[in-house]
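Trainee: I'd like to ask some things about the structure below.
The values are calculated or read from the model by the stated rules, or taken from the named source; none is laboratory data. No experiment lies behind these values; they were computed from the predicted model shown. With ideal geometry, Cβ positions are generated from the backbone for all residues, glycine too; neighbour counts draw on all protein chains shown.
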Amino acid sequence: MTDKNDINYRKPSWLQRNVKYIYITALLVWLPIWLWISWVTLAEQAHKDLHHRVYDDLSLFADSLNSELEKYQFIPKVLMLDASLVAQATNKSLVANADQSNQRLQHIRQTTNADEVFIMDATGTTIASTKLENIGNRYQHSPFYSSARAGGSGGFFTLGLHAGIRGYYFSEPLFEPDTDEVVGIIVVKVNMARLERNWLNKATPMLITDEYGVVIVSSTPSWLFTTRSPLTEVQKHHIRATSKYPMVSFPLLQTKVHKNTPYGQVVSLPKAGFKRVLEVTKSIPALNWTIYGQGDLGAAKRSVYQGAAISTLLWALLLSLAYVVTQRRLQLLETLHRREINQNRLQQAKDQLETRVTERTQALESSNDELKQAQQELIHAAKLATLGQLATSVTHEINQPLTAILVSAENAEQWLIRQKTDKALDNILQIKSLAHKMGLITSHLKTFGRKTDEKNEWVCPQTALDNALSLLLPRIKLEGVETLIDDMSAIKVLANDVRLEQVFINLLTNALDAMEKSICKRLSIYFQKNSSETLSQVTIYVSDTGSGIDSEHLHHLFDPFFSTKDVGVGLGLGLTISYSIIKTMGGELSAINSADGAVFAIQLQAKNQH
């Protein structure tokens, strides 16, 4: 019957009723949005990083190429001052000295590592060369001849008018000392293949085009002497006039532009792996060349995939954390509210009781002392019942799984920082398993306060023992405890697997605590089977080498709240709960002292093996 003045609980707030649906809605709505934002941001950054990397490679190659060419450009400037070479050009030296002159040029070529060094007369005919077969070749139409013949310096790239080898020609005029007339030309040829060899095998593919768009250098040999766009008639006329190439028709390099970005063009090139690449360009004004570098968009896209996945996962975890915190906050507020209502109800009941006691004081005056004694016993019994139901269900046996959950959570955090999501997922699954196990443990810890409805069945005690040892294994290793364990996988006992594991955890923890200050730390677990025609039993022993149990404490060992540990370390309920659990399994739990320490014995009904 409800009192008309009874204080009722308030109804759940709108947020309490809908926090779960808010979380699910936010997850479904914002997760795709966050994924899209992450993808756009990371893709933009990936294109930018790829552009910088390719452009840096192109700049480094251009600087190296310029440095090498400048080194060879200086050689003819020095040789033009050699009087013997001027005499050779004006035919003032004897023909007999021609071999000596060629040897001198050969020495210069070997010293400078040039491809060819040769001298032309004023008409553009080769009169001396490090390659004897080139003597007599004429270069009167070549720009490097025209520039030197006019009294200036010459520089010109060509396929090779006679040998068909890509080379860059540097030329300087040879002046008659008396008249300052150009009587000859000294030329140094550099093989382009040697200059590019150390750069075109780098990670960034690249190619170089001349002023006509003809590919003169490429990390893909099949692209050499193709064009990026068709040549005009004017360009063909210039090529014929300068004899730069032996032909004026070049195959077109099949290039397809997909889109333009602030960081370069996304193009396709005729080669496997070049279907979509980011092409970055850089010009070399001194040579009138253009360098093209191709960045791998596939690798950049893979990094974007990974980054977007990790970002979205972190966002989902953050949203889940906010949901858990909000839910716990609402639960805490509800608990505080109910506690306040209960206190008010208790105060109300107390006031009513005091009123009734006052009204009946005269009638109960003769039995006042007995009533006070009964009231004190009732309060004490209520306190024991409350502590037995609440403290045993929450505060005792969840320490080991909770510690394992914390360790797994920290490990998962570290794996996520290292972007190893598969290993982080393993830790999260372990946390889920341990949380489930905590639920099972707390549901069974209520056996101390009331009867249990849990069903006993034939189980292997080795499974429960292995689970208990797995929780305590870090501490066993840390404290250097030696373990001697018999294999019990061949026997079955009538028990509850989870409850039996709880008993093992309690006994093993007590044994480790007892051996903290022992020199020799040895934990032994063995069993003894006793069989008869009507009954089969197994006794499992847990033995340690600790300080043992005082004889005066043995009779109180399984009493509630009895503990030999320091104040604040445990509640003295562990052995009491274990004793109660074994009783519900139809067994017995006892303890004795041995020569080395303490021995706990668990006696259970065993299944006959046929």
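Residue-wise test of (1) among the small types (G, A, S); (2) at pLDDT 80 or above; (3) in the same structural domain as L406 (by TED's automatic domain parsing); (4) farther than 18 Å from L575 by Cα.
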residue: K437; (1), (2), (3), (4): no, no, yes, yes
residue: E482; (1), (2), (3), (4): no, yes, no, yes
residue: A490; (1), (2), (3), (4): yes, yes, no, yes
residue: S524; (1), (2), (3), (4): yes, yes, no, yes
residue: S536; (1), (2), (3), (4): yes, yes, no, yes
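Trainee: Can you find a residue in the range 231-250 that is in contact with a Ser or Thr (Cβ under 6 Å, 6 or more places away or on another chain) and modelled with pLDDT of 85 or more?
Mentor: Yes - at least one qualifying residue is present in the range 231-250.
Trainee: Here is a check on your reading of the model: is L500 touching a Gly at 6+ places or on another chain (Cβ under 7 Å) and either crowded, with 18+ Cβ neighbours inside 10 Å or not assigned by TED's automatic domain parsing to the domain that holds V407 (or both)?
Mentor: no
Trainee: Here's something else I'd like to know. Please tell me if T509 is at pLDDT 85 or above, under 23 Å from S580 (Cα atoms), surrounded by fewer than 17 Cβ atoms within 10 Å (Cβ to Cβ) and among the polar types (S, T, N, Q).
Mentor: No: the conditions fail for T509.
Trainee: Right, something else. Given the residues A309, A300, A316, which is the only one that is closer than 19 Å to I33 by Cα, small (G, A, S), in contact (Cβ under 8 Å) with a residue 40 or more places away in the chain and in contact with a Leu (Cβ under 8 Å, 6 or more places away or on another chain)?
Mentor: After applying the criteria, what remains is A316.
Trainee: Restricting to the range 5-61, name every residue that is in contact with a helix residue (DSSP H, G or I) (Cβ under 8 Å, 6 or more places away or on another chain) and within 30 Å of V277 (Cβ to Cβ).
Mentor: Listed by number, the residues that qualify are W34, L35, S38, W39, L42, A43, A46, H47, D49, L50.
Trainee: A follow-up question, please. Provide a single number: the residues in the range 233-261 that are in a loop (DSSP other than H, G, I, E, B) and farther than 30 Å from N137 by Cβ.
Mentor: Residues flagged as in a loop (DSSP other than H, G, I, E, B) and farther than 30 Å from N137 by Cβ within the range 233-261 amount to 3.
Trainee: Go through the residues of the range 121-141 one by one and say whether even a single one is among the β-branched types (V, I, T) and touching a Gly at 6+ places or on another chain (Cβ under 7 Å).
Mentor: There is at least one residue in the range 121-141 that is among the β-branched types (V, I, T) and touching a Gly at 6+ places or on another chain (Cβ under 7 Å).
Trainee: Is it the case that the range 321-341 has a residue that's outside the structural domain of S470 (by TED's automatic domain parsing), in contact with a helix residue (DSSP H, G or I) (Cβ under 7 Å, 6 or more places away or on another chain), at pLDDT below 85 and not in a helix (DSSP H, G or I)?
Mentor: So far as the range 321-341 goes, no, none of its residues is outside the structural domain of S470 (by TED's automatic domain parsing), in contact with a helix residue (DSSP H, G or I) (Cβ under 7 Å, 6 or more places away or on another chain), at pLDDT below 85 and not in a helix (DSSP H, G or I).
Trainee: Can you name the residue in the range 309-361 that is within 54 Å of the chain's Cα centre (by Cα) and among the charged types (D, E, K, R) and is also nearest to T421 (Cα to Cα) among such residues?
Mentor: R328
Trainee: While we're looking at this one, here's another question. Tally time: how many residues in the range 282-300 are out of contact with any Pro (no Cβ under 8 Å at 6 or more places or on another chain) and surrounded by 15 or more Cβ atoms within 10 Å (Cβ to Cβ)?
Mentor: Residues that pass the stated criteria total 11.
Trainee: Mind listing whichever residues of the range 516-537 are under 23 Å from Q462 (Cβ atoms) and among the hydrophobic types (A, V, I, L, M, F, W, C)?
Mentor: Hits for the range 516-537 are L523, I525, F527, L535.
Trainee: On to the next question. So which of K301, K282 is among the basic types (K, R) and assigned to a strand (DSSP E or B)?
Mentor: Criteria check complete, one pass: K282.
Trainee: Can you confirm whether S219 is on the phi > 0 side of the Ramachandran plot and modelled with pLDDT under 85?
Mentor: When the stated conditions are applied, S219 does not pass them.
Trainee: Now for a different question. Run down T123, T90, T112, T179 and say which single residue is among the polar types (S, T, N, Q) and modelled with pLDDT of 85 or more.
Mentor: Going through T123, T90, T112, T179 in turn, just one is among the polar types (S, T, N, Q) and modelled with pLDDT of 85 or more: T123.
Trainee: Sticking with this structure for a sec: Return the residue satisfying two criteria in turn: it lies in the range 563-607 and is of a type in the set (V, I, T) and part of a loop (DSSP other than H, G, I, E, B), and of such residues it is modelled with the highest pLDDT.
Mentor: T564
Trainee: K244 versus (1) within 34 Å of the chain's Cα centre (by Cα); (2) in contact (Cβ under 8 Å) with a residue 40 or more places away in the chain: which is the lone unmet condition?
Mentor: (1)
Trainee: Right, here's the next one. If I filter the range 197-205 for residues that are surrounded by fewer than 22 Cβ atoms within 10 Å (Cβ to Cβ), outside any strand (DSSP E or B), basic (K, R) and modelled with pLDDT of 85 or more, do I get at least one hit?
Mentor: no
Trainee: Next question. Of all the residues that make up the range 22-54, how many are surrounded by fewer than 12 Cβ atoms within 10 Å (Cβ to Cβ) and at pLDDT below 85?
Mentor: Of the residues in the range 22-54, 0 are surrounded by fewer than 12 Cβ atoms within 10 Å (Cβ to Cβ) and at pLDDT below 85.
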